[in-house]
Each structure stands twice: as C-alpha cells, then as structure tokens.
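The values are calculated or read from the model by the stated rules, or taken from the named source; none is laboratory data. The structure presented is a predicted model; accordingly, all values stated were derived computationally and were not measured. For neighbour counting, all protein chains shown are included, and Cβ atoms are generated from backbone atoms with ideal geometry for every residue, glycine included.
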Amino acid sequence: METSGGWRPKALRDGTDPDPRFTLANERTFLAWVRTALGVIAAAVALETFAGGIVSEGLRTVLACVLLGFAAVLTVFALIRWHRVEHAMRTGRALPVPWVAYLLAVALGVSGVVLAVAIAR
C-alpha cells in the first residue's frame with residue numbers, strides 16, 4: 001500500500017507501508033527518546049544553576065557540558081533509530097537492537113557516580 005503526499009527519504013519509500021499503529025508507536029518511541037534528552041538538558045541546567053555550594057565550579061561546568069553534549073547525541077541517535085525501525089517495518093526485517101539504551105544507561109550511570117563522589121567530598 002503506497003501512500004501519497006510529501007517528500008520521503010528513499011529508505012521510507014521502499015517496501016510497503018506498515019500498519020499505521022506501528023508507525024505511530026515508533027513515532028511515540030522517538031518522542032520518548034527526545035523527552036529523555038530534554039530531561040538530561042534540564043538536569044544539566046539544574047546542576048549548573050543550583051549545585052554551586054555542593055560541587056566545585058570546574059567539575060560542575062564540565063559535568064553540565066557533558067550532559068548537554070550527551071543530550072544532543074541522544075537526540076540524533078533517536079532520529080536514526082526511528083528511521084531504522086521504520087525501514088525495518090516497511091521491508092519486513094527484524095527490528096534493530098536498541099543499543100542507544102545501553103549508551104543512555106552507561107552515560108547517566110557514570111554521571112551519577114561522578115556527581116555522587118563530588119557531593120561526598
């Protein structure tokens with residue numbers, strides 16, 4: 001079933017349109033990743049704004065910048081994942097492994113440990 005309207009990248013013109021429920025679920029997942037990135041941005045801003053008396057200025061600034069950079073990378077990876085899942089659904093292939101979830105877990109875990117050590121000092 002081919003849909004009309006609008007420009008589409010080649011990868012999203014291959015195969016057949018999946019059930020709209022699956023496409024919309026994929027879009028909701030993408031938006032959840034973007035929402036997570038916004039939460040990381042909020043955490044970076046809060047850290048820089050409110051942790052002045054708790055964490056040294058240098059470490060606070062570095063950690064906030066790392067979190068901001070990570071949020072940007074997470075957003076790009078979310079778009080790439082959305083695209084890969086949509087292509088897989090259109091062509092009947094297996095869905096890709098959500099490896100960005102591992103990246104998120106490691107990055108936030110490391111950031112949490114660094115912040116906990118800084119606060120404990």
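A few remarks follow.
- Residue in region 55-65 that is at pLDDT below 90, closer than 19 Å to Gly112 by Cβ and not in a helix (DSSP H, G or I) present: yes
- The criterion of being in contact (Cβ under 8 Å) with a residue 60 or more places away in the chain, out of contact with any strand residue (DSSP E or B) (no Cβ under 8 Å at 6 or more places or on another chain) and aliphatic (A, V, I, L, M) holds for Ile54.
- When each of Arg21, Arg35, Arg8 is tested for being part of a helix (DSSP H, G or I), among the charged types (D, E, K, R) and more than 19 Å from the chain's Cα centre (by Cα), the lone residue that passes is Arg21.
- Odd one out for Leu38 among (1) modelled with pLDDT of 90 or more; (2) exposed (fewer than 15 other Cβ atoms within 10 Å of the Cβ); (3) among the hydrophobic types (A, V, I, L, M, F, W, C); (4) in contact with a Leu (Cβ under 8 Å, 6 or more places away or on another chain): (4)
- Cross-chain or 6+ apart pairs with Cβ under 6 Å, region 102-121 first and closer than 17 Å to Gly39 by Cβ and surrounded by 10 or more Cβ atoms within 10 Å (Cβ to Cβ), then at pLDDT 85 or above and not β-branched (Val, Ile, Thr): Ala107/Phe70
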